[in-house]
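The values are calculated or read from the model by the stated rules, or taken from the named source; none is laboratory data. Being a predicted model, the structure only gives us computed values, none of them experimental. All Cβ positions, glycine included, derive from the backbone under ideal geometry; neighbour counts span all protein chains shown.
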Amino acid sequence: MRTDIDRLREEALAAVACAGDIEALDQFQVLYLGRKGRVTTILRGLAGVPAAERPALGAIANQARAEIEAALARRRQELAAEVERRRQAAEAIDVTLPGVPWRVGRRHVLNVVRKEIEEFFLHLGFSIAEGPEVELDHYNFELLNIPRGHPARESQDTFYLTDELLLRTHTSPTQVRVMQAMAPKLPVRVISPGRVYRRDSVDASHLPFFHQVEVLAVDRGVTFADLKGTLEHFARSFFGQGTRVRLRPSYFPFTEPSGEVDVSCMCEGRGCSACGGKGWIELLGAGMVHPRVLEAGGYDPEEVAGYALGLGVERAAMLVHGIDDIRLFGQNDIRFLEQLGEEGC
Ligand code: 2NM
């Protein structure tokens, strides 16, 4: 009987030591110490043992039960600690790992170039005025000396919302609005940047919408020389000090006289793809504000004069950065945006 108890104790202790989880322990607890468990059965069986042997065997059996209970408790604690250790390991965050870098966006090249143009004119004392993209026919055409039926409407006739409302074809209406708001105060020195819309088919140099910056200066005694000086200063600041400027006579309904402004090409006429070998690159349009437009703005053309110029931001950006397709600006190709955009927002 004594060896039975010893064997059972060894077996139970070995089983408990090997138990891989709490559930196995629970089973062993029932198997050895439960109401019908093997140790319990032995203890009960002591009743049939001769009285002389009973105390010694009882002591051994009780000792065995105590050892098994202790082993169960110890193993239970070990397993619980192991479960907790695994849980913590699974949840652990290594705060010393390098972080995941943010993908920071960049300023779009069109906004960079627009800002450069704005900064240039801000330094000359101009202010910035923005106006509505949905504009009245009256402001977009009539007040700019482009009455109904005027041929200049043909090339621009565009996205009408109603008979009276359209998507503006240039930012000049904003300048008429500024003049009306300011008259009779002088001088007017304002630039109007913004998006404009025209009925154009898409190709490498056309989109049905693009961005303009228009410049307007009105004061007593403003002359064509002021326009030319401003143009040369602007061209040299953008394309380098050696840049020359050429004015070719042209026509705009809202200026008289009017001209197309060319800048000398870097190739100096030796021929390159930028100027097509001509040596000159068309940059913008300009002229002296038409008397009727001054009048529409609330100024007396006998007393004041003004110059105006308009340039396309896409066109300027293409010339400065050597971009050969205007569609790139709107395609959101990350390679293009990262190459030409600027950090920061
Ligand atoms: C251009 C060319 C020439 C222009 C005219 C005016 C205003 F409002 F004074 F009439 N603003 N901008 C102008 C003149 C625009 O763009 C090619």
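Observations
- Selection within the stretch 220-260 - basic (Lys, Arg) and within 16 Å of the ligand (Cβ to nearest atom): Lys228, Arg246, Arg248
- If you go through the stretch 270-306 and keep only what is more than 15 Å from the ligand (Cβ to nearest atom) and on the phi > 0 side of the Ramachandran plot, you end up with Gly271, Gly276, Gly277, Gly279.
- Failed condition for Asp6, given (1) outside the structural domain of Val190 (by TED's automatic domain parsing); (2) among the acidic types (Asp, Glu); (3) free of Cβ contacts under 8 Å to residues at least 40 places away in the same chain: (3)
- Ala14 farther than 30 Å from Gln339 by Cβ and surrounded by fewer than 16 Cβ atoms within 10 Å (Cβ to Cβ): yes
- Any hit, the stretch 194-216, residues being closer than 22 Å to Leu110 by Cα, of a type in the set (Lys, Arg) and touching a Pro at 6+ places or on another chain (Cβ under 8 Å): yes
- Taking the conditions (1) within 11 Å of the ligand (Cβ to nearest atom); (2) in a strand (DSSP E or B); (3) buried (at least 19 other Cβ atoms within 10 Å of the Cβ) in turn, Val263 satisfies each one other than (1).
- Which numbered condition Val320 fails, given (1) outside any strand (DSSP E or B); (2) in contact with an Asp or Glu (Cβ under 9 Å, 6 or more places away or on another chain); (3) modelled with pLDDT of 95 or more; (4) more than 12 Å from the ligand (Cβ to nearest atom): (3)
- Scanning the stretch 57-81 for residues being touching a residue at least 40 places away in the same chain (Cβ under 8 Å) and hydrophobic (A, V, I, L, M, F, W, C) gives a total of 9.
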